[in-house]
1. Select from the range 86-133 the residues that are among the basic types (Lys, Arg) and modelled with pLDDT of 90 or more and list them in ascending order.
2. Of the residues that make up the range 203-220, is at least one in contact (Cβ under 8 Å) with a residue 60 or more places away in the chain and of a type in the set (S, T, N, Q)?
3. What number of residues within the range 317-351 are in contact (Cβ under 8 Å) with a residue 40 or more places away in the chain and polar (S, T, N, Q)?
4. Against the definition (over 19 Å from Val65 (Cβ atoms), under 15 Å from the mean Cα position of the chain (by Cα), at pLDDT below 90 and not aromatic (Phe, Trp, Tyr)), how does Gln172 come out, yes or no?
5. Just one of (1) under 26 Å from Gly58 (Cα atoms); (2) in contact (Cβ under 8 Å) with a residue 60 or more places away in the chain; (3) not in a loop (DSSP other than H, G, I, E, B) trips up His314, so point out which.
6. Would you please name the residue that is surrounded by the fewest Cβ atoms within 10 Å (Cβ to Cβ), looking only at residues in the range 300-326 that are of a type in the set (Gly, Ala, Ser) and more than 16 Å from the chain's Cα centre (by Cα)?
7. Restricted to the range 199-243, and to residues that are within 14 Å of Thr39 (Cβ to Cβ) and of a type in the set (A, V, I, L, M), which residue is modelled with the lowest pLDDT?
Amino acid sequence: MSTATASGSSAPAASHDDVALVEAWQGVYKTLTQELTKTIIGQKEVIEQMMIAILAKGHCLLEGVPGLAKTLMVHSVADALNLSFHRIQFTPDLMPSDITGTDVLQEDPITKERKYVFIKGPIFANMVLGDEINRTPPKTQAAMLEAMQERRVSAGGRSFDLPKPFFVLATQNPLEQEGTYPLPEAQLDRFLLYIKVGYPTGAEEWEIARRVTTGQLGGIQPVLSAEKLIEAQQLVQRIPVSDQVVGYAWALVRSTRPGQPGVPDFVNKWVNWGAGPRGVLSLISCAKSRALLHGRYHATIEDVQAVIAPALRHRIAPNYAGLAGGINSEKLIGMLLEAVPADKKYEMPKG
């Protein structure tokens, strides 16, 4: 059995069992979003992008001004997925051991023998909220990012695996940059998605005011379990992607790199550096996750286009000429979508 993508090319066959699981997941996601409406009003796109990152086994960075319920949103998702949750409030005096844990000298009550025991830090949870990650020094940021990448913590010559599944959702606000420690570009690249949280609509803000001030926010009931979530992550890996969709994602990412053959003129003019190979991986894995959320057993061109902004906005840097002309990564991505044809036939290059 083969499936057709939006571009008309065929994707590899999917098993009947996987097709049934994918179709069932559309109902699961609908139930999940309905449950989240008890505490979160609006922000449907942000919630979808968070779930895409979770299903793709990635971490994400959320940016928005204070008061947009970023913390409540992350906590609510953890409750709905029935995952253990810890919050880390980053401050300038936070040390790496405050996150990862530390060895403590303890005395055995029976033998009176003293030995060091590792006390796990707040990083040991299924879902970790790193609140205002740009307000802690690089040494502490590095400890957090190392744990995110390796999914384990080293202390006292020993390694401790973090629980599965494991996700970090870090937040930062774009205000008051003085006295903060912005994440370097290489560390930003460790985040699968960079999600922008915007203001609610007028109707949503009216509803927020009405429900919050009258105590009408409800409690979140679990929709999934950690085991079911891990199964969904494995299902995402099995979702087929046609060469046309892979080629489109590949062409988008390669078109972000100035000085390369065939890139659009505006890239050479306004881009300092473009996305690396991790950009292609992000686009494809997130497109597959989005397909699962929408009950489809193949990724499409539309899925790639839907995730390109959060997947690439932190992987494309405009140069001084671009910034002076008001060209940011968001505008560059919009120009890329216009410049790279979706209906072109893409084939694996030789060599």
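1. Selection gives Arg87, Lys120.
2. First, the residues of the range 203-220 that are in contact (Cβ under 8 Å) with a residue 60 or more places away in the chain: 204, 207-208, 211, 217-220.
When the remaining residues are screened for being of a type in the set (S, T, N, Q), the result is none.
No.
3. Of the residues in the range 317-351, 1 are in contact (Cβ under 8 Å) with a residue 40 or more places away in the chain and polar (S, T, N, Q).
4. Numbers: over 19 Å from Val65 (Cβ atoms): no; under 15 Å from the mean Cα position of the chain (by Cα): yes; at pLDDT below 90: yes; not aromatic (Phe, Trp, Tyr): yes.
Criteria not met by Gln172.
5. (3)
6. So in the range 300-326, the residues of a type in the set (Gly, Ala, Ser) come out as 306, 309, 311, 317, 321-322, 324-326.
Next, from what is left, pick out any that are more than 16 Å from the chain's Cα centre (by Cα): 317, 321-322, 324-326.
On the way: Ala317: 18, Ala321: 12, Gly322: 20, Ala324: 10, Gly325: 12, Gly326: 8.
Among them, the one singled out is Gly326.
7. Filtering the range 199-243 for residues that are within 14 Å of Thr39 (Cβ to Cβ) and of a type in the set (A, V, I, L, M), the one modelled with the lowest pLDDT comes out as Leu217.
For every residue, the table says whether it meets (1) crowded, with 22+ Cβ neighbours inside 10 Å; (2) farther than 18 Å from Asp131 by Cβ; (3) not small (Gly, Ala, Ser).
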residue: Gln34; (1), (2), (3): no, yes, yes
residue: Ala53; (1), (2), (3): yes, no, no
residue: Gly64; (1), (2), (3): no, no, no
residue: Leu72; (1), (2), (3): no, no, yes
residue: Met95; (1), (2), (3): no, no, yes
residue: Ile110; (1), (2), (3): no, yes, yes
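The values are calculated or read from the model by the stated rules, or taken from the named source; none is laboratory data. Every value quoted in this text rests on a predicted model; they were computed, and no experiment measured them. Positions of Cβ are generated from backbone atoms using ideal geometry, with glycine treated the same way; all protein chains shown enter the neighbour counts.
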